[in-house]
Amino acid sequence: MNDNPAHLAGVDGPSLEGAVRSALAPADPASERARFEALAAVVRGALEQRWLRTTLAESARRGRRVHYLSMEFLIGRTLTNAVDALGLTTACVQHAGGDAGAWRELVEQEPDAALGNGGLGRLAACFLDSLATLDIPAIGYGLRFRYGMFAQAIRDGRQVELPDLWLQAGDSWSIPRSDLHFTVGFGGRVEANGTLRRWLPDVTVVALAHDMVVPGHGTDHVATLRVWDARANEPLDFSAFAHGDYAAADARRREADVLTFLLYPDDSTPAGLELRLKQEYLLVSASLQDILARDRAENGTLAGIGRRIAIHLNDTHPALAVPELLRLLVDENGMSWDGAWAECLPAFSYTNHTLMPEALETWPVRVLQSLLPRHLELIYEINHRFLAGVRERFPGDEGLIARVSLIDEHGERRVKMAPLSIVASQRVNGVSKLHSDLMVRTIFADYARIFPDRFINVTNGVTPRRWVAQANPPLAALLDRRIGEGWRRDLGRLQDLAGSADDAELQAAVAAAKRANKVALATRLRTELGIDVDVDSLFDVQAKRFHEYKRQLLNILQVVARYQRIIAAPWQPLQPRTVIFSGKAATAYVAAKSFIGLIHDVARVVNTDPRVGGRLKVVFLPNYGVSVAEALIPAADLSQQISTAGTEASGTGNMKFALNGALTIGTWDGANIEIAEAAGAENLFIFGLKADEVARLRAGGYEPRRYVERDPVLKAVLDGIGGGQFSPGDPGRYRALAESLQYHDHYCLLADFASYVAAQDQVDRAFADRPGWTAKVIRNIAAMGWFSTDRTIAEYAQKVWNVPARPVS
């Protein structure tokens, strides 16, 4: 195996800006894509030289590395980040046409890389940025999805899923690594030879590596994102092809190709379930084979490998890495079980991202038996030894044994992937203070009792390079003038603004930056959707994956209440408001998709009612992703973070919005709490039940209908939705939704409704006082230094991975 990309070369040094100038030489507008590709080639070449130096230095040192396994890496566009890391942004703007508009037009030639979908994937991308910036040796491992999750279109107000054709015009950033490929098997049987066992798969595919370079900022360090593509392990059946049986001739290739077609295939069918498990195993098998091959090449032996590698499981999608590492060490390299397990424990660490038991991943034993029989055996052995140890420490407590077993025996037998990850990891972390506390008190209480020193907290963060320097040039320029440019690598410097929140000059500059971003977003909405919005209205934004616990429906209910209030009492002092939604619903998530439909139906009525008089507009911006977020977040005045308390592990959208000058309206949940503690709760709008109150409400027999009976505003909202006020051509369209909510309201929308409406009234009063509002904005921005992924990664490096920074030079 050759892991050193020594054959790669590029432009670096004094000639780099000249190469940029040549790449961006004036050209026919029809060749804008060619200009983009020319610039991408120059930039990639320069980064490849840094990447080569980084790779060679890390290989020579043979120190401990981080191997970050994640099903998603939502990296967005690469060009702006690469140009920024090389210090070429000013030169690119100048040579692209001399103004920011021409540069944006060129940047638009690049689609978002469709390697992720939501916060999990964006967090992984921010982590790679900070790993490189902090000079921490690291490789991210994922899959190269050819069509992403899906591209979202809206037709007649309903979500339509289309393939995300991000590779259609070619891929300017992935580096195919023909020298890096591994065989991955499925199915078959396990053969015994004395005490040795060997898996004999009946189907194999080849995992091919594609590398993407992730540059550090203010350093020459470049991290690697290695994504795997699946290909058939057998050649074309030429005989079948020659005789006209084209389907049979190409069957194996098509079976392999589909493994990396889509992120998160619908697993509600047996075929989809099998495909999803195959994807997870493809990721971990190829990645671990790569890790072991590199370690052997550098050290000559796998003995002691657990102290040389840190393998991080980003949620449970890569949890099969545990039995796979055991299989490779025991079956393929002759280690004893005890020796192999001793290597696993110091190597693995695991981040949990959910408190909801129903969201914890499990796999039917029958599916694992069919696709990964040897791995099921290894999981059984892990469980046997683990439970024996528990029995020894807690004799007679068979209830504990049943609860902590890795096999769920209730109904169809299933393997529990989170407990598998916990048992095999030397550290398990939550992602906010509240989440980590609830994690050890609720869903993992028994494991925390068994492993009291294993559970820790590492609060999430975001990278300021992507989310301010690149996404929000007006604010970045303001910060540069006010506190210097060092905030890009030391976000704590934002605290220097705290004492100036009431300074009129700073307030004017912050307000001007916000308005510039709102004008840019308004132009986009007019161009893409044909919708005109008032840039002086309050931009109220909820942008995130559609899910019942994230409560977009609660937001819609409040919008309907505001609309009804405007119509009934137009003299009330409500501030003009533009309510913007953005986000995707999973293809098979019927309820979430119905919320998107309701938003569009409400928008159709509200936006065409002359009685509203410009005081309310509802907008849905489709196909939410990194590039959409980069336009939406800097323009937001109000950030909706309204999950049911106790359900949102952390959130990073809340951090991005606050960092860009949006005030939060939210529940006492996830990282909202830490933002409130940092900025002052008086500078946010907190509402609703707290997590312990939600638990008590449910335990006492929550009856949502009672909230409707005593709240005429809520009753009018549900009557309007259920009675066809927003679907006049189909008055029964939302009747079932409105009625069922009054009897089955698991996420407590109706219990929190009145408090939410009251908080929105506070928002109106605060926004009417623009200097006071802007002072709150400045205090929020000043408090966001803690929420940099540089701090997050520094904590992981010290508390979880034990990997020090190692600069390239």
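All of the numbers you see were taken from the coordinates with simple rules; none came from a lab. Bear in mind that the values here come from a model prediction, so they are computed numbers and not experimental data. Reconstructed Cβ throughout: ideal geometry from the backbone, glycine too, with neighbour counts over all protein chains shown.
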Give the range of the longest stretch in the chain that excludes all GluC sites (Glu not before Pro) found in loop regions by DSSP and having at most 13 other beta-carbon atoms within 10 Å. 413-809
Let me have the relative contact order for the chain, percent, based on Cα pairs under 8 Å that are six or more residues apart. 13
Spacing of the two label points (7 Å from each Cα toward its C-beta) at Arg524 and Arg706, in nm: 4.5
Ranked output for segments 144-151, 127-134 by mean other Cβ atoms within 10 Å, highest leading, reads 127-134, 144-151
Can you give me the orientation-averaged projected area of the convex hull built on the Cα atoms of the chain, in nm²? 36.8
The stretch 644-649 - phi-based ³J(HN,Hα) in whole Hz, Karplus 6.51/-1.76/1.60, Gly and Pro as x: 4, 4, x, 10, 8, 4
Positive dipole terminus of the chain, leading residue within Met784, Ile309, Gly334 (C-beta point charges): Met784
For the stretch 53-64, just list the computed ³J(HN,Hα) in residue order, Karplus coefficients 6.51, -1.76 and 1.60, θ = phi - 60°, integers in Hz, with x standing in for Gly and Pro. 4, 4, 5, 5, 5, 5, 5, 5, 6, 6, x, 5
Out of the DSSP beta bridges found with both residues in the chain, what percent are antiparallel (nearest 5)? 45
Give the shape of the stretch 630-749 as rounded, prolate or oblate, defined through the alpha-carbon gyration tensor: a ≥ b ≥ c are the square roots of its eigenvalues, a/c under 1.5 means rounded, and otherwise the shape is prolate if a/b is larger than b/c and oblate if not. oblate
Chymotrypsin sites (Phe, Trp or Tyr not before Pro), restricted to the stretch 710-802: which are DSSP loop and have at most 16 other Cβ atoms within 10 Å? Tyr743
Pairs of alpha-carbon atoms within less than 8 angstrom and 6+ residues apart define the contacts here; what relative contact order does the stretch 534-770 have, in percent? 21
Taking 1 over the mean of 1/r across every pair of different Cα atoms in the stretch 665-809, what Kirkwood radius in Å do you get? 18.9
Pick out, in residue order, every one of the trypsin sites (Lys or Arg not before Pro) in the stretch 647-741 that is DSSP loop and has at most 12 other C-beta atoms within 10 Å; say none if there are none. Arg710
Tell me, what HN-Hα J-couplings in whole Hz come from the Karplus equation 6.51 cos²θ - 1.76 cosθ + 1.60 at θ = phi - 60° for each residue of the stretch 430-444, using x for Gly and Pro? x, 10, 7, 4, 5, 4, 5, 5, 5, 4, 7, 9, 10, 5, 10
Given the C-alpha centroids of the stretch 113-160 and the stretch 36-65, what is the distance between them in whole angstrom? 21
Gap separating the Cα centres of the stretch 335-408 and the stretch 279-305, nearest whole Å: 22
Along the dipole axis of the chain (charges at Cβ: +1 for Lys and Arg, -1 for Asp and Glu; origin at the Cα centre), the most positive-end residue among Ala46, Ser594, Gln762 is Gln762
Computed about the Cα centre, the charge dipole of the chain from +1 Lys/Arg and -1 Asp/Glu charges at the Cβ has a magnitude in debye, to the nearest 20, of 740
Compactness of the stretch 534-770 as Cα Rg over 2.2 N^0.38 Å, two decimals: 0.96
Stretch gain in nm, segment Ala100-Gln369, where the contour uses 0.36 nm per residue and the Cα spacing is subtracted: 91.2 nm
Spelling it out for Ala113: with amide H atoms placed in the peptide plane at 1.01 Å from N, the residues 5 or more places away or on another chain with amide H under 5 Å from its amide H are Gly76, Arg77
What size of dipole, in debye to the nearest 20, comes out for the stretch 534-770 about its Cα centre when the only charges are +1 on Lys and Arg C-beta atoms and -1 on Asp and Glu C-beta atoms? 540
Using per-residue counts of other Cβ atoms within 10 Å, averaged over each peptide, order 287-297, 173-183, 427-437, 660-670 from highest down. 660-670, 427-437, 287-297, 173-183
Restraint check, Lys544/Lys617; Lys514/Lys593; Lys776/Lys799; Lys593/Lys776; Lys514/Lys690, Cα-Cα greater than 30 Å: Lys514/Lys593; Lys776/Lys799; Lys593/Lys776; Lys514/Lys690
Note: Glu412 to Leu345 extended length (0.36 nm per residue) minus current alpha-carbon separation gives 21.2 nm
